[in-house]
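Structure first, commentary second.
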Protein chains: 2
Amino acid sequence: MQEPIYSFTKTAMMEKKYMDLAIELSIANIHNGGGPFGAVIVKEGEIIAASANSVVPSNDPTAHAEINAIRDACRKLGTHDLSGCDLYASCEPCPMCLGAIYWARISRLYYANTKDDAGNIGFDDSFIYSEFALPYQERKLPTIRMINTKAIEAFQIWEKKEDKTKY
Amino acid sequence: MQEPIYSFTKTAMMEKKYMDLAIELSIANIHNGGGPFGAVIVKEGEIIAASANSVVPSNDPTAHAEINAIRDACRKLGTHDLSGCDLYASCEPCPMCLGAIYWARISRLYYANTKDDAGNIGFDDSFIYSEFALPYQERKLPTIRMINTKAIEAFQIWEKKEDKTKY
């Protein structure tokens, strides 16, 4: 009965290897002018994408490590569906990235630093999470619901369309 | 004392115009193979970006209307900071897009359809919001916290770096 123990150890070693790579990227990225975040996407033991944060150098507030890795993996695999892929993030994903992880159908999420660690060095992760927990009327972001009957027509047309690709 | 009333009416008319455009994009997009979502970004009365969802045609699960509009507006304005910009979304932003709206420093958010409307036609918005409200151990997405002391070193290096660009 050595096999299960061996498999477990091997899996744990590989998990550590992928996380170590995400962390290495997070450190190297600081010296490249980006934020201290890295992410790695793995499918069936193969590294599909390994990215760092590039918000400042690319003028793109959505260019977090996890989003960059998801977009890169989707380009490489030619699909918007990353079922069967695991994502290793050097830090707990912010709400934007966690949302993207769900939409991409990532199978498993691994992370090291926490959102509070990120908050402690000046990033807004904890603040944004706390905003999500409030009704929109109480958020710092002024939010206005506009009732517009035309808007729901778009959803009705979508619902009736037969040859659509769901995601 | 007519001026304030006139200004109010004019503002309301412009808000409706921008929202109507977001909704038109959401309807046109269905016929283009995308999801029924549109978003418009406006700065000081000028439309900076007007985008629709392109998840399926671009094989990019992050290509929601709001993210596309934010990325386009940032490209056009040459910055990752959209302070002073308002965003009009034909539907309440999902967690990914709401997170992006915070990171981009959007000043005001307007939306028409709700996340429950989106849920009713088969989109995961409500599901993902409900996942956010749970501790990670109870989520459908298997999530593993890996304690790794090297990870926090990245944050310490970031904190000590003097010539960094915060965002």
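The values are calculated or read from the model by the stated rules, or taken from the named source; none is laboratory data. Just so you know, these numbers come straight off a predicted model, no measurement behind them. We place every Cβ from the backbone using ideal geometry, glycine too, and count neighbours over all the protein chains shown. Accessible surface areas use protein heavy atoms only, side chains included; no ligands, DNA or RNA. Shrake-Rupley method; radii C 1.70, N 1.55, O 1.52, S 1.80 Å.
Taken over region A:158-167, the criterion of being open to solvent by 60 Å² or more (accessible area, probe 1.4 Å), within 9 Å of chain B (Cβ to nearest Cβ) and either part of a helix (DSSP H, G or I) or among the aliphatic types (A, V, I, L, M) (or both) is satisfied by A:159 alone. The residues of region A:30-44 that are modelled with pLDDT of 95 or more and either open to solvent by less than 60 Å² (accessible area, probe 1.4 Å) or small (Gly, Ala, Ser) (or both), listed by number, are A:36, A:37, A:38, A:39, A:40, A:41, A:42. Only one entry in A:112, A:118 is in contact with a Cys (Cβ under 7 Å, 6 or more places away or on another chain), part of a strand (DSSP E or B) and within 24 Å of residue A:24 (Cα to Cα), namely A:112.
Inside region B:29-73, residues that are over 13 Å from the mean Cα position of the chain (by Cα), at the interface with chain A (Cβ under 9 Å from one of its Cβ atoms) and among the hydrophobic types (A, V, I, L, M, F, W, C) make up a count of 3. Candidates in region A:95-134 are the residues that are within 13 Å of the chain's Cα centre (by Cα) and small (Gly, Ala, Ser); of these, the one that is surrounded by the fewest Cβ atoms within 10 Å (Cβ to Cβ) is A:107.
Residue-by-condition table, conditions (1) closer than 26 Å to residue B:35 by Cβ; (2) in contact (Cβ under 8 Å) with a residue 12 or more places away in the chain; (3) charged (D, E, K, R):
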site	(1), (2), (3)
B:129	yes, yes, no
B:138	no, no, yes
B:146	no, no, no
B:149	no, no, no
B:155	no, no, no
B:162	no, no, yes
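May I ask you to list the residues in region A:63-108 that are part of a strand (DSSP E or B) and within 22 Å of residue B:101 (Cβ to Cβ)?
To start, the set of residues in region A:63-108 that are part of a strand (DSSP E or B) comprises A:85-91, A:108.
Listed by number, the residues that qualify are A:89, A:91.
The set of residues in region B:137-151 that are surrounded by 14 or more Cβ atoms within 10 Å (Cβ to Cβ) and more than 8 Å from chain A (Cβ to nearest Cβ) contains only B:139. May I ask you to verify whether residue A:51 is modelled with pLDDT of 95 or more and part of a loop (DSSP other than H, G, I, E, B)? Against the criterion (modelled with pLDDT of 95 or more and part of a loop (DSSP other than H, G, I, E, B)), residue A:51 does not qualify. In region A:86-105, what count of residues is obtained for those that are touching a residue at least 60 places away in the same chain (Cβ under 8 Å) and within 14 Å of residue A:22 (Cβ to Cβ)? The qualifying residues number 5. The one condition from (1) assigned to a helix (DSSP H, G or I); (2) more than 14 Å from the chain's Cα centre (by Cα); (3) without any contact (Cβ under 8 Å) to a residue 60 or more places away in the chain that residue B:26 does not meet is (3).
Of B:79, B:149, all but one fail to be over 26 Å from residue A:166 (Cα atoms), at pLDDT below 95 and among the polar types (S, T, N, Q); the exception is B:149.
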